[in-house]
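Each value in this text was obtained by applying a stated rule to the coordinates, not by laboratory testing. Just so it is clear, the structure is predicted and the values come from calculations on it, not from any experiment. Glycine also receives a Cβ, built like all others from the backbone with ideal geometry; neighbour counts cover every protein chain displayed.
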Amino acid sequence: MFGILQRHIFWSVLTACAAAAGLLVFVLMFGNALKELLGFMLSGQMPFGVFLKLLLLLVPYAAMYALPGGVLTGVLLVLGRMSAQNEVTAMRAAGLGLGFVARPILVLAALGVVASLGVNCHYMPRARLLYKQTLQDAVRAEPLRLIVPRTFVRDFPGVVVFVDRKNGNTVEDCWVALLDGQSRVKALLRAESGRVEYDAAENKLAARLFNVTTELRNEKDPEDFSEPGLVSRTEEVPLDLPLDNILGTRSVRQKLAWMTLPELLKARKAEEAKWAETGPERSGAWMQASMTIHEKISSAFGVLAFAVLAVPLGIRVSRRETSANLLVAALLWLAYYLCTMFIGWLDKVPSARPDLLQWAVPAAFLGLGLFLFRGVGRA
């Protein structure tokens, strides 16, 4: 009988946590896709198959933040409903303490910690690096896709390009606006035709415009149209469109957050050797590596802290309404990550040991959960 009850709690919480984590992953993926991928795909600059692959590579990155929030939300929803329907009261009246209710949830939380460690320390860094490389390679494979007919292309620094027709490397009726530092048009070029080639060595689009009419605006005030601009006509004009701002350099710089745990430990050890040779001025890089290590591990243990906090909180809230429990979960999740962000701002103050302070947030949530747990157990 007792085994059946605990399995019921375990599977109910697991289902709710999986659904909540899945929803959070979808929301975080959609935000990243909207910012980085959707424009390329809708403008025809990225094949649909590559778009789907990049979406899948976003899953581990989103799961790093979604797993703790999913556990918190799932436990609050299930225990809030069970408490509202007096199921928890009935179990306690039968002599089953709060520990009986919490045991399957804590087992699930332990599994969540293991899963989160795997995501944070291995799968997310690998997927994030592969995502950046795939995104660059996808656009770099056909960089001429960046020139979309009958569309104002603003991706190139200091230049806006518009072409009426495009056939392979050839463009027709091409307009090019050269901008100043305040994004004002300082020169306007109109070419009857042109040819665009990708220069892999320089990472740029090398364009040659033919039969070009150039209008130069007032250098001091390009928006002053009281006097006509200087107009000239040239048979051929070269134009370089650098791609570094769009594609980055040919090699992806691996950030600390994109390193696996063994790579981070190796990087920190290398900084320790430099620090020993050159003195404390090199401690900033060591602290960055150490903070990233502790952030990945402490974030995984945040799953356990959220589970412990959600058990007494879900029983205390005692609401059937999903919206109320979701609001409580969202506020706690937001408070957790605001605190971790605040600690992250201390990276320029190594003496404060912000790397070790990463553990303060999950420890505080765990302590609050144990305090509430004790209070509910006595009630």
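A few remarks follow.
- Estimated purely from DSSP H runs of n ≥ 4, each contributing -39500 (n - 2.57), the mean residue ellipticity at 222 nm for the chain is -20500 deg cm²/dmol once divided by its residues.
- 3J(HN,Hα) along the stretch 82-95, derived from phi through the Karplus expression 6.51 cos²θ - 1.76 cosθ + 1.60 where θ = phi - 60°, amounts to 5, 5, 5, 8, 6, 5, 5, 4, 5, 5, 6, 5, 7, x Hz, with x in place of Gly and Pro.
- Residue (of Thr73, Pro354, Leu106) at the positive-pole extreme of the chain, dipole from beta-carbon charges: Leu106
- In the chain, the longest principal axis of the Cα atoms and the axis of helix 98-118 are about 30 degrees apart.
- The alpha-carbon of Lys53 sits under 15 angstrom from the alpha-carbons of these aspartates and glutamates, leaving out residues fewer than 8 places away in its chain: Glu36, Asp137.
- Sorted ascending by nearby beta carbons within 10 Å, beginning with the fewest, Cys121, Cys17, Cys174, Cys339 become Cys339, Cys121, Cys174, Cys17.
- The chain - Debye-derived log10 I(q)/I(0), Cα point model, q = 0.07, 0.09, 0.10, 0.13 Å⁻¹: -0.50, -0.72, -0.82, -1.04
- Within-11-Å neighbourhood charge of Cys174 [Cβ basis; K, R +1; D, E -1]: +1
- Lysines whose Cα lies under 30 Å from that of Lys220, excluding same-chain neighbours fewer than 8 positions away: Lys186, Lys204
- Sequence of Phe48, Phe156, Phe100 once ranked by neighbouring C-beta atoms within 10 Å, starting from the fewest: Phe48, Phe100, Phe156
- By the beta-carbon count within 10 Å of each Cβ, the least crowded to most crowded order of Leu256, Leu55, fewest first, is Leu55, Leu256.
- All C-alpha to C-alpha distances of the stretch 1-150, sorted into 5 Å bins beginning at zero, yield P(r) values of 2, 9, 15, 16, 12, 10, 9, 8, 6, 5, 4, 2, 1, 1, 0 percent in whole numbers.
- Considering only beta bridges that DSSP places wholly inside the stretch 157-242, some 100 percent are antiparallel.
- If you take all other residues with their beta carbon under 15 Å from the beta carbon of Leu346, and give Lys and Arg +1 and Asp and Glu -1, the sum is -1.
- Scalar couplings 3J(HN,Hα) for the stretch 7-12, obtained by applying the Karplus form with A = 6.51, B = -1.76, C = 1.60 to θ = phi - 60°, are 5, 4, 5, 4, 6, 5 Hz; x denotes Gly and Pro.
- Over all other residues within a Cβ to Cβ distance under 15 Å of Asn32, the charged ones net out to +3, with Lys and Arg as +1 and Asp and Glu as -1.
- Among the listed pairs Lys255/Lys296; Lys269/Lys296; Lys35/Lys166, a Cα-Cα separation exceeding 19 Å is found for Lys35/Lys166.
- Residues whose amide H lies under 5 Å from that of Val159, counting only those 5 or more places away or on a different chain, are Leu179; hydrogens are built 1.01 Å from N in the peptide plane.
- Projected onto their three principal axes, the Cα atoms of the stretch 157-242 cover extents of 40, 24, 19 Å, largest first.
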